[in-house]
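The values are calculated or read from the model by the stated rules, or taken from the named source; none is laboratory data. Values in this document were obtained by computation on a predicted structure and should not be read as measured data. Here the Cβ positions follow ideal geometry from the backbone for every residue, glycine too, while neighbour counts run over all protein chains shown.
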Amino acid sequence: MSAPIGTNINKAAEYLAHRGLVAIPTETVYGLAARALSAEAVARIFIAKNRPRFDPLIVHIGDVAWLERYASEIPGKAKTLAERFWPGPLTLVLPKKEAIPDIVTAGLPTAGFRVPHHPLTLALLTQLNEPLAAPSANPFGYVSPTTAQHVADQLGDQIDYILDGGPCTVGVESTIVGFQDGEPVIYRLGGIAVEEIEKSIGPVDIQDSSSNPAAPGMLDKHYAPGKEVRLGDIEEMAKGATEFSILSFQTDWSHLHPIKQYQLSATGDLSQAAAGLFEALHDFDQSEASVLLAEIFPEEGLGRAINDRLRRAAK
Ligand code: TXA
Ligand code: MG
């Protein structure tokens, strides 16, 4: 039976109190939440998602001030970023206090923290006055959900309740920033552009690779629909291809007669494109097309996160 979908925060809190799993809306993607302080509840997340135990979860907190309760060390630049971008699509990886069970962090001494920017989830966190551990609410390796319906389709029979906060406005996962010898390092490109982060704290290193042991879970083949995605020059790829759909930034490719066209922003707005990306991948997966031909986006702003997700989907 698929979990009920609704907007009842009290109901969500009730399930969570009884070690339940609740899908929560955020501005990036939907999360699959359990009480972070209950190892038993958190274990259920790994089972529902079929997620390997070495892949740590993000701890969602209700306010910047909560950081002191759960992080044992907060570098100055972390504080600056938290104050500038929270609530928002930024995760900070910091040494954790003991209250956060090891299962949440896959045994790492650090935890990823973020204050999500969504009124329903912020109200839920305030009511609980406790953090929620939540990875994206998709089966492991699959495209993240950006609507309550995506969650219901993928994991509905595994969870207790889906809190419906409408379609996600940012549409790609949070940017993850960690610290090595006090210096900031980006572990995952995401909803806050590198340029924005550098404006706030100066130059940052990008170590966004699956081989980075500091950021487990960044597997190459990730964010992938069930069917083939090809990335490159649309006209070249369309030659000889059959039953294809096209995903583009601004360009109208209808003269190539794709089964379906996903033109993410006719006006050239990368934020708008990011917001529609996963919806397009979900739709492609459900469609009759057998292959998706995707453009490479401009390597700037949110275009970098979009390209990162498309490259992983195309592996
Ligand atoms: O936008 C988001 O971040 C969404 C929403 C729900 O908040 N969450 C999300 O979670 O994308 P998930 O589980 O799909 O990705 C979490 C990733 C892990 O795979 C890992 O790469 C990184 O966060 N992470 C978490 N804790 C970490 C830690 N202690 N050290 C390094 N990386 C960590
Ligand atoms: Mg994920």
*Go through the range 153-179 residue by residue and tally those that are within 11 Å of ligand 1 (Cβ to nearest atom) and not aromatic (Phe, Trp, Tyr).*
10
*Which one of Glu130, Glu173, Glu198 is within 16 Å of ligand 2 (Cβ to nearest atom) and of a type in the set (D, E, K, R)?*
Glu173
*For the range 110-152, name all the residues that are over 25 Å from Asp308 (Cα atoms) and away from ligand 1 (no atom under 14 Å from the Cβ).*
Pro119, Ala123, Thr126, Gln127, Leu128, Asn129, Glu130, Ala152
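When you scan the range 6-14, do you find a residue that is surrounded by 22 or more Cβ atoms within 10 Å (Cβ to Cβ) and closer than 21 Å to Pro116 by Cα, even just one?
Of the residues in the range 6-14, the ones surrounded by 22 or more Cβ atoms within 10 Å (Cβ to Cβ) are 12.
Applying the additional criterion that residues be closer than 21 Å to Pro116 by Cα yields 12.
Yes - at least one qualifying residue is present in the range 6-14.
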*Would you check which residues across the range 75-105 are surrounded by fewer than 15 Cβ atoms within 10 Å (Cβ to Cβ), charged (D, E, K, R) and within 14 Å of Pro131 (Cα to Cα) and list them?*
Lys97, Glu98
_Cross-chain or 6+ apart pairs with Cβ under 7 Å, the range 148-168 first and under 13 Å from Leu21 (Cβ atoms), then in a helix (DSSP H, G or I) and among the hydroxyl-bearing types (Ser, Thr, Tyr)_ = Asp160/Tyr15; Tyr161/Tyr15
*Specify which of the listed residues (Leu108, Leu21) is buried (at least 24 other Cβ atoms within 10 Å of the Cβ), at pLDDT 95 or above and either farther than 28 Å from Ile162 by Cβ or not small (Gly, Ala, Ser) (or both).*
Leu21
_Qualifying residue in the range 156-170 (condition: more than 21 Å from Phe46 (Cα to Cα) and either assigned to a strand (DSSP E or B) or within 16 Å of ligand 2 (Cβ to nearest atom) (or both))_ = yes
